[in-house]
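The values are calculated or read from the model by the stated rules, or taken from the named source; none is laboratory data. This one's a predicted model, so the numbers in the text were calculated from it and none came from an experiment. Cβ placement follows ideal geometry from the backbone for every residue including glycine, while neighbour counts extend to all protein chains displayed.
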Amino acid sequence: MSVLREKILHVASDLFQTRGINSTGVDTIVAVAGTTKMTLYKYFRSKEDLILEVLQKGHADFTTWLSNNLNKNTKKPSERLQKLFDFIEEWVTAPDFRGMAFLKASAEFPNEENPVHRLSAEQSRQFRQFLVELAADAGARDPDSLALQLSILIEGAIQAEQIKRGSGAVKYAKKAAKILIENSLETQAAA
């Protein structure tokens, strides 16, 4: 991937996260990236294509980061599930935290037929499936239900942090998740 293409992606991602996708025009992206519209359109056929690629890259980077941390810092599947919120908390409290792009994008593109909304919905589904697999590997009684509950806690904490940094929402979500996880694993052990 060319350095300039990578720079355009990085600048667009930053601007979309800080100013909003619809509020950020191509003129602003190229000005901040120090390039031209002609160059942007050489790499991306449209602003929509740029948005889709920014979302894909951000989602891939986040899931890789989370998976790597869970795999290198835990040994047993149940530990991965228990440590999930430690890493979510680390991510949410980092100074460069910007939230989950698919949550913001789906809000800016509410029409379910829009390609940006469809990709956002797919990324949400993929994240929940990631949680289902963690829960199943840990031996949860009902991995699908636990994953849905955990994703609601994670997404809610992320939204609260985006509204007010330092809200403490992730700490409360972590406490609630601990209860849900322990209940799910204890019920499985008792069966």
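Values as computed for the structure displayed
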read-out: Members of region 158-181 found to be polar (S, T, N, Q) and modelled with pLDDT of 90 or more, listed by number; value: Gln159, Ser167
read-out: Positions within region 104-115 being surrounded by 17 or more Cβ atoms within 10 Å (Cβ to Cβ) and either under 30 Å from Glu182 (Cα atoms) or within 15 Å of the chain's Cα centre (by Cα) (or both), in sequence order; value: Lys104, Ala105, Ser106
read-out: Region 1-33 - residue that is exposed (fewer than 12 other Cβ atoms within 10 Å of the Cβ) and free of Cβ contacts under 8 Å to residues at least 24 places away in the same chain and, of those, farthest from His117 (Cα to Cα); value: Val3
read-out: Residue in region 46-75 that is surrounded by the fewest Cβ atoms within 10 Å (Cβ to Cβ), counting only those that are charged (D, E, K, R) and touching a residue at least 12 places away in the same chain (Cβ under 8 Å); value: Glu48
read-out: Hey, Phe87 part of a helix (DSSP H, G or I), closer than 21 Å to Phe109 by Cβ and either over 19 Å from the mean Cα position of the chain (by Cα) or without any contact (Cβ under 8 Å) to a residue 40 or more places away in the chain (or both) or not; value: no
read-out: Number of the condition not met by Asn71 [criteria: (1) within 20 Å of Ser23 (Cβ to Cβ); (2) modelled with pLDDT under 95]; value: (1)
read-out: Residues of region 132-160 classified as over 12 Å from the mean Cα position of the chain (by Cα), touching a residue at least 40 places away in the same chain (Cβ under 8 Å) and surrounded by fewer than 20 Cβ atoms within 10 Å (Cβ to Cβ), total; value: 4
read-out: Which listed residue, of Arg5, Arg98, Arg80, is over 30 Å from Ser184 (Cα atoms) and assigned by TED's automatic domain parsing to the domain that holds Tyr172; value: Arg98
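Residue by residue, here is whether (1) acidic (Asp, Glu); (2) touching a helix residue (DSSP H, G or I) at 6+ places or on another chain (Cβ under 7 Å); (3) surrounded by 14 or more Cβ atoms within 10 Å (Cβ to Cβ); (4) not in a helix (DSSP H, G or I) holds:
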| site | (1), (2), (3), (4) |
| --- | --- |
| Phe130 | no, yes, yes, no |
| Gly166 | no, no, no, yes |
| Lys174 | no, yes, yes, no |
| Lys178 | no, no, no, no |
